[in-house]
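Down below is the structure, laid out as structure tokens.
The values are calculated or read from the model by the stated rules, or taken from the named source; none is laboratory data. From a predicted model like this one, the values you see are computed outputs, not experimental measurements. Glycine gets a Cβ as well: all are built from the backbone with ideal geometry, and neighbour counts include every protein chain shown.
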Amino acid sequence: MAIISAQGVEKTFRQPKRQSGLAGAIRSLFSRDYTEVRAVNGISFTIQPGEAVGYLGPNGAGKSTMIKMMTGILVPTAGTLSVLGREPHSNRITNAAEIGVVFGQRSQLWWDLPVRDSFDLNRHIYDIPTPRFAENLTRLTTMLDMGGYIDRPVRQLSLGQRMRAEIAMALLHDPKILFLDEPTIGLDVVAKDVVRKFLAEVNRERGTTIILTTHDLVDIEEICPRLIMVDDGKLLFDGELKHLRSALGSRRRLKLEFGTDPGPITLKTAHLVTDEGAAKHFLLDSEQTSILDVLTELGSGHDLKDVKLEEPDIEEVIRTFYKNKVQAGVAP
Amino acid sequence: MKLAAYPAFTATAFQSRLAYRNQVWSGVFGELVFMFARIAIWTSVFSTVASDSVDGVTLPQMITYALLAGPVLYWDYSRLLRDVGTAVKSGDIAVYLLKPLLYPAYMLANHTGNFLFDLLTVTVPVAIIIGFTVGLVPPASLFHGLAFLPFWALSFGMLFLLTTILGLAAFWLMTADSLDWFFNSIMTLLAGGIVPLWFFPGWLAAIAGNLPFAWVSYYPAAIYIGQLDPSQALTAFIIGLVWFAVLLGVLLWLWAKARHRLIVQGG
Ligand SMILES: Nc1ncnc2c1ncn2[C@@H]1O[C@H](COP(=O)(O)OP(=O)(O)OP(=O)(O)O)[C@@H](O)[C@H]1O
Ligand SMILES: [Mg+2]
């Protein structure tokens, strides 16, 4: 049974058209002009219990909007969404008791209180039995190394400390699903690492389903075996990170270096892109092709000195992809 | 919903205020200045008339009225207004939708914590200081003393409802600051916080006496000093309860609308 299932989910926002200047402001008081923004556009996926899924996409792709719909604080305009077997927004309170949510940009801790007191309030809000609360508190404090500041008021904490506290707070009531909207935003490398290791462990050891949005591919590499990529509200890719490369049409490069120029070479398994004589660059068209296939096809008799296979950097692939998209958008 | 959570919010609000306990002194000082200004005004008003009572009210009674209608009953609601207004404008209000709780009930619990804190640190000290320096009168009778308590509770509830309704209005108006100013003017006049309703021209007293604001300051304070007899007090209390029910309905309706807007339009 899927823990989350989305079928053709859409969300359209109506933004009142703003005209600039005073006259515009007055005019907009009377005219009911709206621009429609389709933030989520026909997204479908299912997530099984215990999965860890990374939700990736450029700014404005509709990631936060999707998280808000799954947590029940936004209603989809169309499509069906089911979380733990329920429609999230119409079962907001029941849903809220079984999920944990962290918004990287918005604190849920009580600003003036020590972290411990915020945690204690959550014990009341979620009605957590005292022994389980104590056990979870000890475990989370140790794992996230919060002992040093758990008694300090939240307003005195660094961003990294606060984020760890936010995540711990979202897990105190043993939620079945943990949603995180950009949990590593603004953190330094060390803090990012702590958070990533922790989330991966929670997912592995406690079986908590994790859905997180991010701009940072390392988050996905270290926490999420599965990646969902969206852009402009639409689903682009759903699968393992290592398959993303070919899905985006990016190919591996193969460089063959010869002792002496063997002359022109044409292969079925790889095609030549640059020929520098003794050094030749090929692109591998298929993910399935191995170096061995190429070398077998090439056969012996060449003075082959070195073989180098280059995996394109996935960040690079995505950057190129975004850039091409922007250019495509500009061109008529 | 977990009922035990609400007293915990009350305790938390109280505790949060302890973090800013330096502000207590300015609170006490401000209320004292305010009280002594009123005392000076009423003293000079009373010195211009020959008898020692005006409309059957003596100067000590008037000073007691001023203390009750001011610091005791019409206490600092602006914190609540600001909290609700800011939560609406910043969108933080969505965070409350993520928790299994009812936002207006959460605000009430919070408000109660602030009320208790102000009562202990500002209201009671100010009452004691005024009592010892200027003098205050006891309730007009045992009945009036006892009747003051339910009226006080109603006043607390009424101020909470009026303020929260106003705060939620920020959803549509997006300007809680000018609302604060507007509300304060209305309250100053219609609640009888500065000038009791019996000094109003008849028609204005009739209007103000039937609007919910009067239950915040005027009725409880007037009962305490014995301006209403038992049957008038009972009638006033019943009308007050009706207003309370109406405003509670308005608040819940507004909250439902606000929540709908929040989950459909995203704030
Ligand atoms: N409440 C709202 N009213 C109107 N438009 C909105 C609202 N919330 C989001 N949008 C629009 O919907 C689109 C998607 O926004 P969303 O916040 O989901 O993006 P995101 O993928 O989380 O981006 P980011 O990476 O910048 O956080 C954007 O074009 C945004 O302007
Ligand atoms: Mg976002």
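A quick yes/no check of all residues on (1) in contact with a helix residue (DSSP H, G or I) (Cβ under 6 Å, 6 or more places away or on another chain); (2) of a type outside the set (Val, Ile, Thr); (3) within 9 Å of chain B (Cβ to nearest Cβ):
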| position | (1), (2), (3) |
| --- | --- |
| A:Gly42 | no, yes, no |
| A:Glu51 | no, yes, no |
| A:Gly54 | yes, yes, no |
| A:Gly62 | no, yes, no |
| A:Met70 | no, yes, no |
| A:Glu87 | no, yes, no |
| A:Ile93 | no, no, yes |
| A:Leu121 | yes, yes, yes |
| A:Ile128 | no, no, no |
**Q.** Candidate set: the stretch A:172-186, residues that are touching a Gly at 6+ places or on another chain (Cβ under 6 Å) and away from every other protein chain (no Cβ under 14 Å); chosen: the one nearest to ligand 2 (Cβ to nearest atom)
**A.** A:Glu182
Q: Could you grab me the full set of residues in the stretch A:18-41 that are modelled with pLDDT of 70 or more and within 15 Å of ligand 1 (Cβ to nearest atom)?
A: A:Asp33, A:Tyr34, A:Thr35, A:Glu36, A:Val37, A:Arg38, A:Ala39, A:Val40, A:Asn41
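Okay, residues lined up against (1) within 28 Å of A:Leu187 (Cβ to Cβ); (2) of a type in the set (D, E, K, R); (3) touching a Pro at 6+ places or on another chain (Cβ under 9 Å):
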site: A:Phe45; (1), (2), (3): yes, no, no
site: A:Gly57; (1), (2), (3): yes, no, no
site: A:Gly62; (1), (2), (3): yes, no, no
site: A:Gly85; (1), (2), (3): no, no, no
site: A:His89; (1), (2), (3): no, no, yes
site: A:Ala96; (1), (2), (3): yes, no, yes
site: A:Gly104; (1), (2), (3): yes, no, yes
site: A:Leu121; (1), (2), (3): yes, no, no
Q: Check B:Val24 against each of (1) touching a residue at least 12 places away in the same chain (Cβ under 8 Å); (2) in contact with a Ser or Thr (Cβ under 8 Å, 6 or more places away or on another chain); (3) within 14 Å of another protein chain (Cβ to nearest Cβ) and name the one condition it does not meet.
A: (3)
Q) Restricted to the stretch A:75-118, and to residues that are over 14 Å from A:Ile177 (Cβ atoms), of a type in the set (A, V, I, L, M, F, W, C) and away from ligand 1 (no atom under 16 Å from the Cβ), which residue is surrounded by the most Cβ atoms within 10 Å (Cβ to Cβ)? A) A:Val115
(Q) So, restricting to helices (runs of 4 or more DSSP H) that lie completely within the stretch B:155-245, which ones have at least 3 residues that are over 16 Å from the mean Cα position of the chain (by Cα) and modelled with pLDDT of 85 or more? (A) B:202-208
Q. Can you tell me which of A:Thr269, A:Thr214 is in contact with a Ser or Thr (Cβ under 9 Å, 6 or more places away or on another chain) and assigned by TED's automatic domain parsing to the domain that holds A:Leu187?
A. A:Thr214
Q. When the stretch B:20-74 is examined, which residues are found to be farther than 30 Å from A:Arg155 by Cβ and hydroxyl-bearing (Ser, Thr, Tyr)?
A. B:Thr43, B:Ser44, B:Ser47, B:Thr48, B:Ser51, B:Ser53, B:Thr58, B:Thr64, B:Tyr65, B:Tyr74
